[in-house]
1. Along the Cα→Cβ direction, 7 angstrom out, place labels at Arg10 and Asp61. What is the inter-label distance in nm?
2. With a Förster radius of 25 Å, plug the Cβ-Cβ distance of Glu82 and Ala32 into 1/(1 + (r/R0)^6) and report the FRET value to the nearest 0.05.
3. Can you compute the FRET efficiency between Ala71 and Val119 using 1/(1 + (r/R0)^6), with r the Cβ-Cβ distance and R0 = 25 Å? Round to the nearest 0.05.
4. Which FRET efficiency value, to the nearest 0.05, do you get for Ala48 and Ser18 by plugging their Cβ-Cβ distance into 1/(1 + (r/R0)^6) with R0 = 35 Å?
5. Cβ neighbours within 10 Å, averaged per peptide: list 59-66, 93-100, 111-118 in order, most packed at the top.
Amino acid sequence: MNDTLLLKCRRLFLRGLSVQANIGIHDFELQAAQRIVIDVDLYVSFAATSPKDDRIDEVVDYDFVRAVVHARIAQGHVNLQETLCDDILTRLLEHTGVMAARVSTRKPDVYPDCEAVGVEVFRAKPGVL
């Protein structure tokens with residue numbers, strides 16, 4: 001992680017959001033929704049989101065993060081975790097206060113001999129890094 005980014009931003013996070021999603025390319029994945037677990041880190045500008053009056057409208061609300069994830073899941077089937085991460089990242093970065101974000105997804109129930117398979121993507125707005 002870029003130390004300069006950490007000096008300019010606070011990091012908000014959402015850990016372990018477990019959802020049922022239609023995702024995958026294998027026959028067994030196409031038959032039913034499966035559990036995926038999503039983690040999000042948002043790097044939010046101090047200048048844009050330092051609360052002066054201790055009000056939720058002065059910061060990036062965690063509800064926004066959850067809503068973005070749930071809205072993308074509700075859109076329907078996606079083949080790849082890479083696509084899902086990219087879609088979620090694109091929407092999160094549309095928020096004016098968000099300078100950069102990291103999204104990871106993992107499918108914990110695909111293979112019996114491993115904890116999970118997953119993808120992690122980090123992206124920053126142009127000019128941030």
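Bear in mind that the values in this text are calculations on the coordinates, not laboratory data. Keep in mind that what you see is a predicted model, and the values were worked out from it rather than measured. Note that each Cβ is placed from the backbone with ideal geometry, even for glycine, and that neighbours are counted across all protein chains shown.
1. 1.6 nm
2. The formula returns an efficiency of 0.70 here.
3. After rounding to 0.05, the efficiency reads 0.85.
4. Computed FRET efficiency for Ala48 and Ser18 comes out at 0.70.
5. On the way: 59-66: 16.2, 93-100: 18.4, 111-118: 10.0.
Packing proxy ranking, top to bottom: 93-100, 59-66, 111-118.
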